[in-house]
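J.: Please read through the structure below; I'll follow up with questions.
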Amino acid sequence: MTHKKLPISPELILSHYWAASAKPRLAVMYQSLNTLLDKIGNPEIKPNDFTIIERLLNSCARWFSLNISRAIIERTKKYQNLNFEDLTFLIALSYSYGVEMDPLYVEDMIEKYFSSKITGISEDDSLFTQLTSNTNGLLVCREQAVKLIALISGITEDKAHLLVRNLRKCDAEAHSFGNEFVKLGVLNGYEEFEVCKIWEFMDLRSQFLLDYDFSLALGWLLYQIEYLKTYYSYVMNGEIESFEKSFDITPIIDTIKQKHNITSF
């Protein structure tokens, strides 16, 4: 019986395949992982396994963006019973543009996030409640901002998505939408003070918004890989050993030498 060749080897899945933008090529990685799962019989991967989450945190240097430090991770681990949503939040924070702009941003968000999770009390306005259940009442994600803008102003989510994207790019036209946003919000029955506060947040903090969907996908990918490494290590080791024995890079080397006129040794 012949097995379908993996688009990317298990070895590269485990070390991650990073694009020039420093974000992994998730679609390609998922294709490889799904092929591997099919090959080994699609073992059950149970969610919210604390051991797996702790292992991921312990090896964070391998998969977090470098924006988030070991010290921050160690501080995070003091909180008990971390779950997959917590992991997604931490990954999202590690890829936030705002981290480089304000180094204290990550620490502040982590403290607010877990404080709200433990106490059930959020500092943000109740208007956000329906949109922030996955982030313990914090309005911190791009997807949340898109839905909130559409909800208050009445514009479509597609237009709201473009608006948030352009705000993050510091586009002057997007920033000038503030007056129209307040006008539409008031017409839709919201208090002017609240609408102005929300726009001020969007206008000033747009570059700090987290990419939740990306982080959710990356988190589940990494969780599955770590789960396989932990509970099916014999299978993974066998796949990697098989790859190492069979993979031949000679054609690649020959092509490079030919293109660059390199003489063989």
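J.: Which one is modelled with the highest pLDDT among residues in region 82-103 that are open to solvent by 60 Å² or more (accessible area, probe 1.4 Å) and either touching a helix residue (DSSP H, G or I) at 6+ places or on another chain (Cβ under 7 Å) or among the hydrophobic types (A, V, I, L, M, F, W, C) (or both)?
T.: Glu85
J.: Condition (residue is on the phi > 0 side of the Ramachandran plot, at pLDDT 90 or above, part of a loop (DSSP other than H, G, I, E, B) and not hydrophobic (A, V, I, L, M, F, W, C)) applied to region 134-155: is it met by at least one residue?
T.: Looking through region 134-155, at least one residue is on the phi > 0 side of the Ramachandran plot, at pLDDT 90 or above, part of a loop (DSSP other than H, G, I, E, B) and not hydrophobic (A, V, I, L, M, F, W, C).
J.: Which one is modelled with the highest pLDDT, of the residues in region 1-55 that are polar (S, T, N, Q) and either in a strand (DSSP E or B) or under 20 Å from the mean Cα position of the chain (by Cα) (or both)?
T.: Checked region 1-55; the qualifying residue modelled with the highest pLDDT is Asn48.
J.: Now, a different point. Collect the residues in region 224-238 that are surrounded by fewer than 20 Cβ atoms within 10 Å (Cβ to Cβ) and of a type outside the set (S, T, N, Q), keeping them in residue-number order.
T.: If the condition is that a residue be surrounded by fewer than 20 Cβ atoms within 10 Å (Cβ to Cβ) and of a type outside the set (S, T, N, Q), then Lys229, Tyr231, Tyr232, Tyr234, Val235, Gly238 are the ones that fit.
J.: Would you be able to say whether some residue in region 234-248 is over 29 Å from Ile91 (Cβ atoms) and outside any helix (DSSP H, G or I)?
T.: yes
J.: Among the helices (runs of 4 or more DSSP H) lying completely within region 156-203, list those that include at least 1 residues that are modelled with pLDDT under 95 and under 16 Å from Gln144 (Cβ atoms).
T.: 157-168
J.: Just name the residue that is most open to solvent (accessible area, probe 1.4 Å) out of those in region 130-173 that are within 26 Å of Gly120 (Cβ to Cβ) and among the polar types (S, T, N, Q).
T.: Per the stated criteria, the residue is Gln130.
J.: Out of everything in region 186-223 that is among the polar types (S, T, N, Q) and surrounded by fewer than 21 Cβ atoms within 10 Å (Cβ to Cβ), what residue ends up being nearest to Val106 (Cα to Cα)?
T.: Going through the qualifying residues, I end up with Gln207.
The values are calculated or read from the model by the stated rules, or taken from the named source; none is laboratory data. In this text, all values refer to a predicted model and were calculated from it rather than measured experimentally. Counting neighbours? That spans all protein chains shown, and the Cβs are built from the backbone with ideal geometry, glycine included. Ligands, DNA and RNA are stripped out before the accessible areas are found, and what is left, the full protein with its side chains, is counted by its heavy atoms. Shrake-Rupley method; radii C 1.70, N 1.55, O 1.52, S 1.80 Å.
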